[in-house]
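Here's the structure we're looking at; comments come further down.
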Amino acid sequence: MSEDKSAPHVDARSPWVLDTRELGRRAGLSRPVQRDVEVTKPLGVPDVIVVPEGAKVALDLLLESVVEGVLVTGTATAPVTGHCSRCLDPISDEVEVDLTELYAYPHSTTEETTDEDEIMRLVDDRIDLEPAVRDAVVLALPLAPLCTEDCAGLCSGCGVKWADLEPGHGHETIDPRWAALVERFDDDPASGPDKQA
Ligand SMILES: [Zn+2]
Ligand SMILES: [Zn+2]
């Protein structure tokens, strides 16, 4: 086997990497995989919502040997923390994503007819779950997370959470139509303080 410098490399020591050799190459064989993998870099949008560094992603997967490669199905579950986009309260929640990912065997038809960024590859009989899990989790995170479905946010007058304010709370504001009248009145030279000198 010749060394190809551009060949993809899978780090066998990474906790995201699974060895598929004991699964066997015969289509129809399957093996459940359950493991918790610690996140070393926060996943998601910092200051909005992330799976924080040090959190564990729980993987509950089934590896199946199919004709073209190894099919991975199952779920990944992880804790998320962030801030409500309306009231800025801290949020801690959980995200669960479904995974269905085919890792193609080298020289399989799938490998030869698809791009690497469309269908993942087996490298040295190993699967690197990290990219697929990361993408699925990041996609599943809300762009504008909410503490509760119907969070009313903050009062624009005082910045206090509506949930903490008395019913009927409001601020004295001048109706814009009145404001225009008041301005006209002020502009009237007869009523202004600066008559011509
Ligand atoms: Zn909120
Ligand atoms: Zn207010």
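Rule-based calculations on the coordinates, nothing more; no lab input. Note that the structure is a prediction, hence the values are computed from the model and not measured.
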Which one, Ser92, Ser30, Ser156, has the greatest fluctuation when you compute a Gaussian network model over the chain with C-alpha springs under 10 angstrom? Ser156
Residues meeting the amide H criterion for Gly69 (H placed from the backbone, H to H distance under 5 Å, 5 or more places apart or on another chain) are Tyr105
Using a 10 angstrom cutoff on alpha carbons, build the Gaussian network for the chain and name the most mobile of Gly24, Gly54, Gly170. Gly170
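So what is the 222 nm mean residue ellipticity for the chain from helices alone, if each DSSP H run of at least 4 adds -39500 (n - 2.57) and you divide by all residues, rounding to the nearest 500 deg cm²/dmol? Don't jump to the answer; show the numbers that get you there.
Working: 3 runs with 28 residues, N = 197.
So the calculated ellipticity at 222 nm is -4000 deg cm²/dmol.
With only alpha-carbon pairs counted, each pair once and no self-pairs, how large is the Kirkwood hydrodynamic radius of the chain in angstroms?
On the way: mean 1/r = 0.0465 Å⁻¹.
Final number for the Kirkwood radius of the chain is 21.5 Å.
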Largest fluctuation, Thr109, Thr77, Thr173 only, Gaussian network model of the chain with Cα springs under 10 angstrom, belongs to Thr173
Between helix 176-187 and the chain, what is the angle of the helix's C-alpha long axis to the longest principal axis, kept within 0 to 90° and rounded to the nearest 10? 40
